[in-house]
Amino acid sequence: MNPITLFLFVVCVLIGAMASATAGPLAGVPFIVLAVIIAASLKMANVWQRFVILRAGKLQGVKGPGLFLIVPILDSVVAVIDQRIQTTAFNAEQALTRDTVPVNVDAIIFWRVHDAEKAALMITDYRQAIDRVAQTSLREMIGSSMLSALLSDRKAADQKLRAEIAEKTEHWGVSVSSVEIRDVAIPVALQDAMSREAQAEREKQARVILGSAEAEVAAKFVEAAIAYAEHPAALQLRAMNIIYETTKERGATILMPTAMVDAMNPTVAFALAGQAAPQAPAAPPAAPAAKPA
């Protein structure tokens, strides 16, 4: 009983009691009868509720929201439909994918009743039916999908599942807004195999990257060697810079070979470069001319 009906019922009962106390027992009977009629006929539906009413077994109408009256005894409220968005969790255990991998899938569906008359008259229990249809559709979707696609492309699986469920529930006055797959559990042995495969793929990529880096470093070393060969002074400066970098720490002692110290002398370096330069071959002496007889 809603608050308004309860308030009117209590008022009528109190008035009847007061009338019986002042004017006699029969004076309060009409108010008591009125209170019973109000309690049986005055109904109130909230903004999200719809009352499906039958009159003598036939559909009278769908009432709500607000206050409305029904005829006692003749009319009966057979269903109160909540038209707010509802959520239903469902799952599929040990369902085989297209590549014969058993998986456990948990999902949730968001739905609402858009036609209260169909939901009340077309099916016995629309909530239970939605749960059964969702489970069946989930198993069908898993059976037609590869495991890789089910794990990587969740949005496509959600859309496909929503379309299948919505097509079946549309005739019951129920619309499906969205379906979300929350978790896909695969066997532990397969998890280990996939982990090893992913690790091998990462190691392969790491080796390829390392090889590319080595090739680039070797190319840079070749360029540096060519530059040092063409400019000996640059090699001397580089050697002096290396010595400075190694001796800038306090308390460091470095032993250097004499040959390395001599190589850092620019004069010696240029002299060595001059000696290494190829010498042009001297022309052979001319043969003496023959004397005439």
Just a yes or no: is a residue in the range 235-247 out of contact with any Phe, Trp or Tyr (no Cβ under 7 Å at 6 or more places or on another chain) and either among the aromatic types (Phe, Trp, Tyr) or at pLDDT 85 or above (or both)? yes
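Got a sec? Which of 197, 117, 164, 203 is in contact with a Gly (Cβ under 9 Å, 6 or more places away or on another chain) and assigned to a helix (DSSP H, G or I)? Steps first, answer last, please.
Working: 197 fails: in contact with a Gly (Cβ under 9 Å, 6 or more places away or on another chain); 164 fails: in contact with a Gly (Cβ under 9 Å, 6 or more places away or on another chain); 203 fails: in contact with a Gly (Cβ under 9 Å, 6 or more places away or on another chain).
Within the list 197, 117, 164, 203, the selection yields 117.
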Number of the exception - residue 144 against (1) among the hydroxyl-bearing types (Ser, Thr, Tyr); (2) in contact (Cβ under 8 Å) with a residue 24 or more places away in the chain; (3) within 30 Å of residue 79 (Cα to Cα): (3)
Among the residues of the range 40-86, what is the count of those that are within 15 Å of residue 4 (Cβ to Cβ), polar (S, T, N, Q) and more than 42 Å from the chain's Cα centre (by Cα)? 1
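Being over 16 Å from residue 186 (Cβ atoms), hydroxyl-bearing (Ser, Thr, Tyr), in contact with a strand residue (DSSP E or B) (Cβ under 8 Å, 6 or more places away or on another chain) and not in a strand (DSSP E or B): is that true of residue 124 here?
no
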Could you look through the range 39-68, keep only residues that are part of a strand (DSSP E or B) and of a type in the set (Phe, Trp, Tyr), and pick out the one that is farthest from residue 116 (Cα to Cα)? 68
Evaluate the range 87-99: report whether one residue or more is in contact with a helix residue (DSSP H, G or I) (Cβ under 8 Å, 6 or more places away or on another chain) and more than 25 Å from residue 194 (Cα to Cα). yes
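Can you confirm whether residue 97 is over 30 Å from residue 39 (Cα atoms) and surrounded by 15 or more Cβ atoms within 10 Å (Cβ to Cβ)?
Values: over 30 Å from residue 39 (Cα atoms): yes; surrounded by 15 or more Cβ atoms within 10 Å (Cβ to Cβ): yes.
In short, yes.
For the range 169-197: of the residues being surrounded by fewer than 16 Cβ atoms within 10 Å (Cβ to Cβ) and in contact with a Phe, Trp or Tyr (Cβ under 8 Å, 6 or more places away or on another chain), which is nearest to residue 126 (Cα to Cα)? Talk me through it step by step, then tell me what you get.
Here is the first cut: in the range 169-197, the ones surrounded by fewer than 16 Cβ atoms within 10 Å (Cβ to Cβ) are 170-171, 175, 177-178, 182-183, 185, 187-197.
Within this subset, residues satisfying the condition of being in contact with a Phe, Trp or Tyr (Cβ under 8 Å, 6 or more places away or on another chain) are 175, 177-178.
Details: 175: 12, 177: 16, 178: 17 Å.
If we take residues in the range 169-197 being surrounded by fewer than 16 Cβ atoms within 10 Å (Cβ to Cβ) and in contact with a Phe, Trp or Tyr (Cβ under 8 Å, 6 or more places away or on another chain), then 175 is nearest to residue 126 (Cα to Cα).
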Check the range 181-189 and report whether any residue there is under 30 Å from residue 58 (Cβ atoms) and in a helix (DSSP H, G or I). no
Single match in 166, 134, 107 (criterion: in contact (Cβ under 8 Å) with a residue 60 or more places away in the chain and crowded, with 16+ Cβ neighbours inside 10 Å): 107
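The values are calculated or read from the model by the stated rules, or taken from the named source; none is laboratory data. Worth saying up front: this structure is predicted, and the values here are computed from it rather than measured. Note that each Cβ is placed from the backbone with ideal geometry, even for glycine, and that neighbours are counted across all protein chains shown.
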